[in-house]
Every structure is written in C-alpha cells, then in structure tokens.
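Notes to accompany the following structure.
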Amino acid sequence: MNKMDSTPWKSIPETFAGVDVFITGGSGFMGKVLIEKLLRSCPKVRNVFVLLRPRKGKLAKERVTDLVQVPLFDKLREESPEQFKKIVPINGDCSQLKLGLEENDIKRMADVQFIFHAAASVRFDDPLDKALLLNTRGTHEVLRWAKTLLNLKAIVYISTTYSNPEIYYVEEKIYPAKIDWRKAIEIAETVDPDILNALTEKLSGFAPNTYTFTKGLAEQICYDLRQELPLIVFRPSIVINTETEPIPGWIENYNGPAGLMSAQTTGILRTGFLSMDCHMNCIPADVSIKAIIIAAWKKSHSPNGELAIYNSAAEPTKAISFRFLHEIADYLYHRIPMLRMFWSPSIVSTTNHMYFYLVFLLYQVIPALFGDAILRVSKTKPFLLKVMRSMFHAQNSLKYFVTHDWVFETDNFRNLSKNLCQLDKIQFDISYITQGLLEYCCLCTLGGRRYLFKETDDSIILAFRKLKRFKMADKLLKLALFVGFAYGLRSYLPTNLMEYEQTG
C-alpha cells in the first residue's frame, strides 16, 4: 500500500500486465528460472526481451529455441504453450559497448519498464580484463541504456552476497570500493591483458578471485547512479536446486557446490580441502527469483526511494555445515545412489595443505593414471586424469570460501512479502527449506541425478546393486593393500634385524 495516499498497490501479475521486460543472462541458470516464472505467474506480460550473444554459430533466435527445451519449462509448455511467443530474442553482448545492440532493436525496446540484469561471468579464474568488461562495464552499459527509457519502473542488478568476501558479517548496504570503477574500466580497455593479469592481485586488493571483485565494482556503479535510476541491488548467496517450482530439485549446471557434490556422489572426488566447521550458505533458485520479482514490483511503486539492497541468503540456522554434509553423506549415497558411479563414494577432508596434496595424489591421481591406462588398452579415450586436474583446480578456487564463514543480514529480504496481497503471498512465497535441511539435501541429490546425470528414478534399483558391488570391491582392494603392506613390512623387518645383529 502506498504510504503517501493510501492507494492499494496493484498485485504483481497486474503490475506486469501489458509491460515489456528486458533480461540479460537469460540463458543462465537463474535467467531461465526468471523467464519461466514471469511467463507462468504474470501471464499478461507483453514482451520478455532476452539479450543473447551468438554462440557456437547460433544467433539469438536459435538460442531461445534451445533455451526453453529443458524440463524447467515443461509445466508452462503443458499449461500455457502460447506464452513462449512472448519471448523476444535480442542479439547482443554485455561485454560490448552499447551491449552490441542494433538500432532497430533499441527502437523495439523503447517501452521497456522492467530490467533484470543477470548476465555475468561466474568463473572464478577468468582473466581480469574479461571479468571487468563483462561484469563491471557490462553493468554500466545496461544502466546507460536504461537512462534512455521513458517509462522505466525498476532495474534489478543481480549481484552476489560475496561481492565483498573479506567482510564476514555482511549488511544490506554498499561497502566502500577497492578501486574507482571508472578507472578499472579504463584500465581494462587500454592496458595489455597480460600486463593487467600480472597486476590482478594488486589492483583487486588481493580479492580471492576476479568474479567477486568485479561484482563489487558493479555495485558501486549502482550506488553512484541511485539518484538517476530506480535501482535494486539483489545479492543471492549460493544459488542451487529449486525447492518447489516449477519442479522440485531442478538444476542445470555443475558450477560451484553442484559440481563437487556430483563428483563426490559418483565416487570420483575422494579428497576435499575444507573446514568441517564452516558452512555453505545456499538459497533455492526459485526462492531467489520470486524475491527478485517482488523487489522489482515494490520498487515500481516507490521508484524515487533509496537504493534498495537485498541479501537473499539463508539464516544461520539454515546454512549447511560441511560437518552436517559429511555426517549425512553415507545416508544420501545409500538412499539415492548414482547409476553413473565410478567407485564406492567416500571422502577425506582436511585443511592441512600437505596432507591434502598427499591424499589427493594417492586417492585421486594414481587411481586416475591406472584407470586411463585401462581405457587406453580398451581403445577408449582416457579422461580421468583430465577430470582430476579440473577438480584440483576447482578446489583451489574454492579454498577461501570453504575455510571461512559468513553471516548475512537479511532483514530487507525477509520483509519483502509484507505488502503482498494474499494471492501474491501464495504465488510468490519466499519461505525456504521448509521441510528441513536433510530433506532438502535429499532433494538436491535427487535433482542432480535427474537433471545433471539424466538418470531416471526407476534406475535407482540398478544403482543400488552397482553400489553394493563397488563397496565390496573397495573393501577387497583395501584388504589386499593392507595384506601387501603387512607382507612387505614382515619381509623387510627380519632382514634388517639380521643385518643389525651381524653388525652388532
């Protein structure tokens, strides 16, 4: 309700009725969930413009066709297939000046009223020049174009709760910049990439990676333009499987924890560098997307207010500790085993660098060498050592985040539902992990099985049998290694004792 004139606010579907929406990052995990939710729950939205860069020889139109061919859109396909016609592909690229937009597309989008800027490189190891041009300058280009829109009601910039990772208690506010964003963009545009990458640590204030650094700079742009545009900075924590809609457990990428957990459940990942006392702060994708839409709706009714900032993160009681994951791991493996299993799942975790390197060599590298040798003999292309290299690199990239803990202030996020009408509170419910952490972890494991590994539920029985065989093989192998070690030790000790007695 409007506090100035007490006029009731329109519902969320009414607010988006007849409206044009512009989305960047629409081909990403969160982007797809956002598109689906808008089309399904705001059925009278007019156009959903989706910025897509050409990829693998496919233009935006072809990419949109591929984009919706995933299980996430099955419910919409079944209930309202005509809604797909509202997705309008726009050729462009956030890393380019003026977003790489053509003049005719700019004219088509002149009546856009809501912008959701989700495009970003989420790779932790991107070169600094690439991350700056996409994550930082790309945000500036979106906002520059937004200034030309006469009917603009809200812009949501999707950031991350880890945009200032050196701060362990994160409030819903903008923190001081490590470097002026204008200077950073100028450096990315003019300095040789090799020189820039050599200076990355110095320029970023020794940030753990280029992703968090450049996302933090983009927040500074929003702060500086807060008086000129109806801006929202929305910070999700680690976004993982959907909890309830449109389908429970949906996930589509191996980024971050999803990749490591998938590797662990298949028995490939057997060593982890992490602190058992630390936590993963995860938020279901559908919860964050509903909150994003609510935040845009709220801003549209008070566009001249302060810069709105939301930490879309789990409360401390719902953050998942690595100790908890370790304790329930055996339960998860036996309840939802993977058919695509390479060995019996098991993991050794430590924060000691030397011990980690040793165990990784023994448990991962050496078995991978043997496995690749067998594959070569069977005339199959070897891949295990390459996978181990990727996992080692991934664990190095995540070291900072699995050995530190954060607490996120979420007052603004939790209060988003306050002004919603009763129907909107149902359709845009942002309560999360309602069945408890164990059940949600089971849902995530099952989602990974269904949507990452493409394994049907009726194959779980086969996976159980495979798990039993691998567990037996694992025990026999360990027994053989123990007997071999004991025999070698027995053979070695008498020889040395005799030599000692002779020399004595």
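For this structure, a couple of remarks:
- Any chance residue 317 is within 24 Å of residue 349 (Cα to Cα), open to solvent by less than 30 Å² (accessible area, probe 1.4 Å) and among the polar types (S, T, N, Q): no
- Residue count, region 375-399 (criterion: of a type in the set (S, T, N, Q) and within 19 Å of residue 273 (Cβ to Cβ)): 4
- When region 52-83 is filtered for residues that are of a type in the set (Gly, Ala, Ser) and either surrounded by 12 or more Cβ atoms within 10 Å (Cβ to Cβ) or in contact with a Lys or Arg (Cβ under 7 Å, 6 or more places away or on another chain) (or both), the ones remaining, listed by number, are 60, 80.
- Qualifying residue in region 252-269 (condition: at pLDDT 90 or above and either in a helix (DSSP H, G or I) or surrounded by fewer than 20 Cβ atoms within 10 Å (Cβ to Cβ) (or both)): yes
- Selection status of residue 74, closer than 30 Å to residue 249 by Cβ and at pLDDT 95 or above: yes
- Enumerated helices (runs of 4 or more DSSP H) restricted to region 360-437, each holding at least 1 residues that are in contact (Cβ under 8 Å) with a residue 24 or more places away in the chain, surrounded by 16 or more Cβ atoms within 10 Å (Cβ to Cβ) and among the polar types (S, T, N, Q): 384-402, 411-414, 422-427
- Matching option when the condition is touching an Asp or Glu at 6+ places or on another chain (Cβ under 9 Å), part of a helix (DSSP H, G or I) and within 23 Å of residue 278 (Cα to Cα), among 440, 451: 440
- Residue match in region 281-288 (condition: under 19 Å from residue 419 (Cα atoms), open to solvent by less than 20 Å² (accessible area, probe 1.4 Å) and either in contact (Cβ under 8 Å) with a residue 40 or more places away in the chain or in a strand (DSSP E or B) (or both)): yes
- Helices (runs of 4 or more DSSP H) contained entirely in region 107-216, each with at least 1 residues that are modelled with pLDDT under 95 and over 26 Å from residue 390 (Cα atoms): 181-190, 200-203
- Count - residues of region 230-241 that are within 18 Å of residue 294 (Cα to Cα), of a type outside the set (Phe, Trp, Tyr) and either at pLDDT below 95 or touching a Ser or Thr at 6+ places or on another chain (Cβ under 9 Å) (or both): 6
- Test for residue 305: is it open to solvent by less than 10 Å² (accessible area, probe 1.4 Å), of a type in the set (Gly, Ala, Ser), farther than 20 Å from residue 425 by Cβ and more than 14 Å from the chain's Cα centre (by Cα): no
- The C-beta contact set for region 50-71 (first residue within 15 Å of residue 86 (Cβ to Cβ), second residue surrounded by 13 or more Cβ atoms within 10 Å (Cβ to Cβ) and among the charged types (D, E, K, R), distance under 7 angstrom, 6+ apart or interchain) comprises 67/32.
- Filter pass, residue 297 being touching a Leu at 6+ places or on another chain (Cβ under 7 Å) and either more than 30 Å from residue 470 (Cα to Cα) or buried (at least 20 other Cβ atoms within 10 Å of the Cβ) (or both): no
The values are calculated or read from the model by the stated rules, or taken from the named source; none is laboratory data. Everything numeric in this text was worked out from a predicted model, so none of it was measured. Using ideal geometry, Cβ is built from the backbone for each residue, glycine included, and neighbour counts are taken over all protein chains shown. The accessibility values were calculated without ligands, DNA or RNA, using every heavy atom of the protein model including side chains. Shrake-Rupley method; radii C 1.70, N 1.55, O 1.52, S 1.80 Å.
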